[in-house]
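The values are calculated or read from the model by the stated rules, or taken from the named source; none is laboratory data. Keep in mind that this is a model prediction, so the values were computed, not measured. Positions of Cβ are backbone-derived with ideal geometry, glycine not excepted, and every protein chain shown enters the neighbour counts. Quick note on the areas: whole protein, heavy atoms, side chains included, nothing else; ligands and nucleic acids left out. Shrake-Rupley method; radii C 1.70, N 1.55, O 1.52, S 1.80 Å.
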Amino acid sequence: MSSRALAGSGVSLLVILSAVTGCQPSAPGANVDAVRAKLLRPGGQYLTFTPETTPDGTLIEVFDPTQSLTAGRDIFYRDWLLANDGETVLGGPDYDAGTCSSCHIEAAPGAGAATTYTPLIAKPADRQHVERFGAQISLNRLDSDRPEATVDVIRVERTFQYPDGETATLTLPVGRAFDADDEVIPVRLRTAPLLFGWGLLERVDPKMIAFFDDPEDSNNDGISGRLVQLDPAEAGGTSGIGLLGWKNSHGSLRAQIATALANDMGVMSHPTCGENCKAEIEPRQLDDLTDYVRHLGVPDRRHLANPEGQHLFGLSGCGDCHVSVLRTTGGGSHELSEQLVWPYSDLMLHDMGPGLAEPGDAADAGEWRTAPLWGIGLVEEHLPQRGFLHDGRAASIEEAILWHGGEAASAQQRFVRLQAASIKDVGPHSEKRFGHTAGVDQREPVRHRQSLRFRCHAVFRIAAAHH
């Protein structure tokens, strides 16, 4: 077992789990006892849902047995560019989207349409342009035919070749903004993170994840995960640890949501208002919206009879950063309190190498939080245009793996070196074991379905994917 799987105060907890489930636990079968099955629910005992029951055609479900989150749900789906009765339009004047679900498309009614895609967000890459435009360049403006800047995105294709000659096409989005005088402004591109289980991530035990903090790589394992220490007042949480966002920029869900309302929709709240600003929503409304998002759940795992892909996931080193199990702190809402959750993330910032580094002069340009893996199999199948990684560049989970570098270079190389297996190597039941059972399009080439590489990255689909 990797030393990173033994997290501080959670050592005895994870030793017990390892004895029950294995170092990288396989999904339970029909004969697994109820205790083990409960331990393996990715979103804990309350926030794990079965995707087939998801209402309204969305890919995400809220835990709300008492219907107490209706007000927050209404705010989540409100179009801020339309005026309610007796009100003026609260969104804008600068904005990127009108509703939360415009960017978080897994929560959009009718999610799964082939044309659905996540809009890209443009952030100034250089400090001088941040001072001029702010943290984000809005793509639209209500009171003008022309926004403060226009953004152009081109996609550059690269060919990646495996050692056995098999190739994959990687796509890099490159963005540039142009102001009214056509000055070129370099930008960093982002997509909205998946919303699964944010309330649980917000509550992860800080003592547990502090074990992974090793910015100087003192144990010489090649991984130097870094905690982000925030000003508690700015973080909105008592721990002062950044847990949310691509760069762990926020320590509380309320702060994250207030920032998104301001930057994406132009809706100001008390946390984002300055001296000459009037809040456009009340604190109670912000609290209602936060509570709704806090209770958005996690799709259950799909169950595979054969755990070989899971084992290869661990042996390749993926699990060194995509740590399978974490624990939430006690107190507060019982559905979020003291839960065992399986996000497959250590929630650290890691240097992911030059291939994933953003343009600009930021010191952390190449650092990214380990993305939780729960739900990504569901997204890959039903939202093919959603994309993976911070700018949506990877059209598949395989492409996302191939982009890994820096601290993840060793794991990526182990994945790359897995050779395609023959039918004899895999056995006569390979199609059943690694094809339909893993949720793969049966029209894919047989050789790809039979490859060890596929078996390794299939676990990304399996982890918290749908049945």
Legend entry - Under-5 Å amide H pairs with ARG188, H placed in peptide plane, nonlocal only: LYS123, ALA125
Inset, instruction - Could you please put HIS350, HIS382 in sequence from largest to smallest accessible area, using a 1.4 Å probe? - result: HIS382, HIS350
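If you wrap a convex hull around the Cα atoms of the range 182-302, how much volume per residue is inside, in Å³?
On the way: hull volume 23.7 nm³, N = 121.
Per residue, the Cα convex hull of the range 182-302 comes to 196 Å³.
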Inset, instruction - Rank ASN248, MET268, LEU227 by how far each Cα sits towards the positive end of the charge dipole of the range 192-286 (+1 on Lys, Arg Cβ; -1 on Asp, Glu Cβ) and give me just the farthest. - result: MET268
Inset, instruction - State the extension gain, in nm to one decimal, for the chain segment bounded by GLN161 and CYS277, taking 0.36 nm per residue of separation less the distance between their alpha-carbons. - result: 36.4 nm
Inset, instruction - Could you run the Karplus curve 6.51 cos²θ - 1.76 cosθ + 1.60 with θ = phi - 60° over the range 156-167 and give me ³J(HN,Hα) per residue in whole Hz, x for Gly and Pro? - result: 9, 8, 10, 9, 9, 10, 6, x, 8, x, 5, 10
Legend entry - the range 139-247: proportion of alpha-carbon pairs further apart than 17 angstrom, %: 74
Legend entry - Karplus 3J(HN,Hα) series, Hz, for the range 67-75 with 6.51 cos²θ - 1.76 cosθ + 1.60 (x for Gly, Pro): 6, 8, 9, 4, 5, x, 4, 4, 5
Inset, instruction - Quick one: dipole size for the range 70-150, taken about the Cα centre, charges +1 on Lys/Arg Cβ and -1 on Asp/Glu Cβ, in debye to the nearest 20. - result: 240
Legend entry - Residue-normalised accessible area of the range 199-293, given per residue in Å² at a 1.4 Å probe: 45
Legend entry - the range 105-227 - percent of accessible surface contributed by carbon and sulfur, probe 1.4 Å: 47
Inset, instruction - Please report, as a whole percent, how much of the solvent-accessible surface of the range 276-346 comes from carbon and sulfur atoms (probe radius 1.4 Å). - result: 46
Legend entry - Residues whose placed amide H lies under 5 Å from that of LEU170, excluding near-sequence neighbours: ARG158, THR159, PHE160
Inset, instruction - Whole number please: convex hull volume per residue, Cα atoms of the range 271-396, in Å³. - result: 199
Inset, instruction - Measure off, as a whole percent, the carbon and sulfur share of the 1.4 Å-probe accessible area of the range 38-90, all protein chains present. - result: 51
